[in-house]
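> Could you have a look at this structure, given as C-alpha cells, before my questions?
The values are calculated or read from the model by the stated rules, or taken from the named source; none is laboratory data. Predicted model only: the values in this text are computed from it and were never measured. Cβ coordinates were reconstructed from backbone atoms using ideal geometry, including for glycine residues, and neighbour counts include every protein chain displayed.
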Amino acid sequence: MAAETSAGRTVKVLFVDDEFIEFRSLKKKIGSLSEPAVDVEYAQSIGDALEKITAARYDLILLDNRLLPNADFRETVPELRGIGYTGPIGVISTDISDGYFQQFPDYGVDFRIGKDEMDARTLQYIIREYVTYDVPDFWKDDYTI
Amino acid sequence: MVWSDFWKFRGKVAGMTNAAAVPFHTGPELNRAINRTDFFRLFKAAAHHYHFDNFVLAKISEAAAPFGEREIVITNVAERRATLFIRTLKEALGAIKAKSAQFLTSPVFGKSAQLEGYPADLVFNEFNGNTFLLIPLFTPEGRRYCLVLSGVRQEPDQSEIADVLLDVMRIFDKLYEEILTQEMSGRLTQREAEIVKWTSEGKTSAEIAIILGLSEHTVNSHITAAVRKLDAVNRVHMVAIALRNGLVS
C-alpha cells in the first residue's frame, strides 16, 4: 500500500456514515487540504461500502462507529476486512469514550477519532501516518524488492 | 418535573459542567491513549488549549541541534513545511539556545522574525512572527526528546510555562508507558510473534493482513517492531533469529 501510493497521487478516501450531512460537514472541514490532494467519496451503509470497495481502490476508510440498524465497529470492520480490504480504517464518532473502544486494534481498526477533532491538518497527519508512510527497503518483503 | 427528575437533571448539568472544565488532553482521553494517533490527538489538544497552532515532538539530535526532520516523532506540521519550521525555530530561539538544546533542562521560548536571507516576497513562511516554546523531555533511561509548540500569540509567562510543562510531561509519561517502553523491550508481543510466525511461513505483509483481518500498515508496524526488538537487519534475518531463539516453531 505505502510503496504504491506515490506522493503526487490523489488520496482516495471512503467516508461511511448513515447521515449524509456528516459527509458534507467533513468535506467542509477538509476543504482547504491540497497537500496531498484528497478525493472523498461517500457510502451510506456498510453494504454500500462493501460494494464500493469491491469496485474501486481506496487508500483510507473513515467509518462512523454506529451504522444502522445498530452495528458498531466490532461488527462492521470485520466485514470490511473479510472481503480483503487491507488499507487503513479509522473509526470516527461523536463519542469515542465507551470502554469497548479500547479494543479497537483487535478488530482491525487502525485508529479512532472524534468527529469534532477532524480537520484538514488532522487528515493530513492521518494520510502521512497510514497511507503515504514509507517502510525502509530492507524491512519490506524481501522477494518484492 | 418531580424532585427525583430535578436532581437527576441537576446532576447531569453538574457533570456536563465538570466535563467542560477538564481540558481534553488532561481528561479521560489521556488514560485511554494507546497508539500514535491517540497521542497526536492529545498533543494537538494541548497545543490548542494554550493557543498554539503547531506542535512537534522530536528526539533531540546532537548532530543537527535541536533536531532534524528525521528525528520528528509526531507532528501536525505538514511534511514539506518541517524544514522551514525547524529553521524558524532556530531563528526564534537564537543560535546559542538552539545549539544547546541537548543540555537544556527547562523550557525556553522566543519569537521569530523574518528569516535572514529570505525576502518576504520570495518565501511564504507561515511560522513568521510565531512564538516558539521548546520543552525538554526525558525518559527514565536518559533519552532526550523535546516538544516544540508554535503559534501567533504573545510570549508565555512563567506561570503559563509551568502549566504547559506539567500537561506535556503527563502526556509524555503516558507515551513512554504505552509506546517507548514497548520499543525498548526485547520481548515480542503476542501479535508480533504471530506475525513473525506467518512471515516464517513465507507470507507477505498483504497476505498476513488478510489472514489476521488487519491493515497492511498494522502488519508492517509489528514487523518493524519485531525487527528492532530482535536486533535484525531485515525480515529474513528476523525470522532466522526468531527460529534460533525458539520464538516460532
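> What residue, of A:81, A:121, is facing chain B (nearest Cβ under 10 Å), modelled with pLDDT of 95 or more and out of contact with any helix residue (DSSP H, G or I) (no Cβ under 7 Å at 6 or more places or on another chain)?
A:81
> Using beta carbons and a limit of 9 Å, which pairs, at least six apart or on different chains, have the first residue in the stretch B:99-113 and within 19 Å of residue B:142 (Cβ to Cβ) and the second one among the acidic types (Asp, Glu) and not in a helix (DSSP H, G or I)?
B:102/B:62
> Does the stretch B:64-99 hold any residues that are polar (S, T, N, Q) and surrounded by fewer than 14 Cβ atoms within 10 Å (Cβ to Cβ), and which are they?
B:83
> Could you tell me whether residue B:216 is charged (D, E, K, R) and either within 30 Å of residue B:22 (Cα to Cα) or buried (at least 21 other Cβ atoms within 10 Å of the Cβ) (or both)?
yes
> Here is a follow-up. If I ask for residues that are within 19 Å of residue B:108 (Cβ to Cβ), free of Cβ contacts under 8 Å to residues at least 60 places away in the same chain and either in a loop (DSSP other than H, G, I, E, B) or among the small types (Gly, Ala, Ser) (or both), which ones from the stretch B:42-76 would you list?
Of everything in the stretch B:42-76, those that are within 19 Å of residue B:108 (Cβ to Cβ), free of Cβ contacts under 8 Å to residues at least 60 places away in the same chain and either in a loop (DSSP other than H, G, I, E, B) or among the small types (Gly, Ala, Ser) (or both) turn out to be B:61, B:62, B:64, B:65, B:68.
> Next question, about the same structure. Can you name every residue in the stretch A:89-110 that is aromatic (Phe, Trp, Tyr) and either at pLDDT below 90 or buried (at least 18 other Cβ atoms within 10 Å of the Cβ) (or both)?
A:101, A:104, A:107
> Residues that are touching a strand residue (DSSP E or B) at 6+ places or on another chain (Cβ under 6 Å) and within 13 Å of another protein chain (Cβ to nearest Cβ): does the stretch B:57-68 have at least one?
Looking through the stretch B:57-68, at least one residue is touching a strand residue (DSSP E or B) at 6+ places or on another chain (Cβ under 6 Å) and within 13 Å of another protein chain (Cβ to nearest Cβ).
> Scanning the stretch B:195-219 for residues that are polar (S, T, N, Q) and assigned to a loop (DSSP other than H, G, I, E, B), which turns out modelled with the highest pLDDT?
Ranking the candidates gives B:215 first.
> Same structure again: Condition first: outside the structural domain of residue B:58 (by TED's automatic domain parsing), farther than 30 Å from residue B:90 by Cα, surrounded by fewer than 18 Cβ atoms within 10 Å (Cβ to Cβ) and without any contact (Cβ under 8 Å) to a residue 12 or more places away in the chain. Can you find one or more residues in the stretch B:192-200 that meet it?
no
> Can you confirm whether the stretch B:181-191 contains a residue that is free of Cβ contacts under 8 Å to residues at least 12 places away in the same chain, in a helix (DSSP H, G or I), more than 15 Å from residue B:35 (Cα to Cα) and touching a Ser or Thr at 6+ places or on another chain (Cβ under 8 Å)?
The answer is no; no qualifying residue exists.
> While we're here: Name the residue, out of A:113, A:61, that is crowded, with 22+ Cβ neighbours inside 10 Å and modelled with pLDDT of 90 or more.
From the options A:113, A:61, the qualifying one is A:61.
> Another one. When the residues of the stretch A:35-65 are filtered to those that are in a loop (DSSP other than H, G, I, E, B) and touching a helix residue (DSSP H, G or I) at 6+ places or on another chain (Cβ under 9 Å), which remaining residue is farthest from residue A:89 (Cα to Cα)?
Per the criteria, the residue is A:35.
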